[in-house]
Amino acid sequence: MSRVVIYTTAWCPYCIRAKSLLEKKGVAYEEIKVDGKPDLRAKMTEMAGRTSVPQIWIDEQHVGGCDDLYALERAGRLDPMLAADATQHLHDKKARK
């Protein structure tokens, strides 16, 4: 499974919705709460080029926000992204044999 990182704030409905989709899919994620943490928020903004939350990364790829995550889901592209890391590890493991 891919590494998922999501930057959030406590009362953001879009953050709750994005986390809900990930949880429904059984995806573990690292949540970084930026409430009252201007340094973390600035880091998120620099990496994402956006100031809004949530901001979501799957492995090293910036997905965007909640609407972007749901758009990937509707297009059938989210599951392959989430599984890509596991597939890559299997491929790497076979290549080392």
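Read-outs throughout are calculated quantities, based only on the coordinates presented, and are distinct from any laboratory measurement. Quantities reported herein were computed from a predicted structural model and do not represent experimental measurements. Cβ: placed from backbone, ideal geometry, glycine included. Neighbour counts: every protein chain shown.
Remarks
- Likely footprinting exposure, Ser2, Ser20, Ser52, fewest C-beta neighbours within 10 Å first: Ser20, Ser52, Ser2
- 12 Å cut-off, amide nitrogen to a point 7 angstrom out along Glu46 Cα→Cβ, residues in region 1-32: none
- For the chain, the dipole from Cβ point charges (+1 on Lys and Arg, -1 on Asp and Glu) about the Cα centre works out to 280 debye, to the nearest 20.
- Reported value for the chain: 103 Å³ per residue, from the convex hull of its C-alpha atoms.
- Among Arg74, Arg17, Arg41: highest mean-square fluctuation, GNM of the chain, C-alpha pairs under 10 Å: Arg74
- Neighbour-count ranking [beta-carbon atoms within 10 angstrom, fewest first] of Thr51, Thr8, Thr45: Thr51, Thr45, Thr8
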